[in-house]
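What follows draws every value from the coordinates through simple rules; no lab data is involved. Predicted model, so just to flag it, every value in this text is computed and none were measured. Here Cβ is always computed from backbone atoms with ideal geometry, including for glycine, and neighbour counts include all displayed protein chains.
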Amino acid sequence: MAHPKRKHSQQRRDKRRTHYKASVPTLATCPNCGATVQYHRVCPECGYYRGRQIIEKKVAE
């Protein structure tokens, strides 16, 4: 395995890492209750995913 002969500078390291950044997750609206939900996740408000109830949510009385 090859080893570097000289240490790379912080500037060179940081130039390589400029494209490593977190992206904003894609959001959608729940067709059941209208809440904002991340794609491919169960709705935290109503517990539905793809038209089926996955999590039983308790109703506040």
Debye, to nearest 20: dipole size of the stretch 1-46, +1 on Lys, Arg Cβ, -1 on Asp, Glu Cβ: 860 debye
Residue among Thr18, Thr36, Thr26 with the largest mean-square fluctuation in a Gaussian network model of the chain, springs linking Cα atoms under 10 Å: Thr18
Charge dipole (the chain, unit charges on Cβ, about Cα centre) - positive-most of Pro25, Tyr49, Gln10: Gln10
The chain: relative contact order as a whole-number percent, Cα under 8 Å and 6+ apart: 16 percent
The chain: calculated mean residue ellipticity at 222 nm from DSSP helix runs of at least 4, using -39500 (n - 2.57): -3000 deg cm²/dmol
Among Tyr39, Tyr49, Tyr20, residue whose mean-square fluctuation peaks in a GNM of the chain (springs only between Cα atoms under 10 Å): Tyr20
Global geometry of the chain, whether rounded, prolate or oblate, following the gyration tensor of its Cα atoms and the 1.5 cut on a/c: prolate
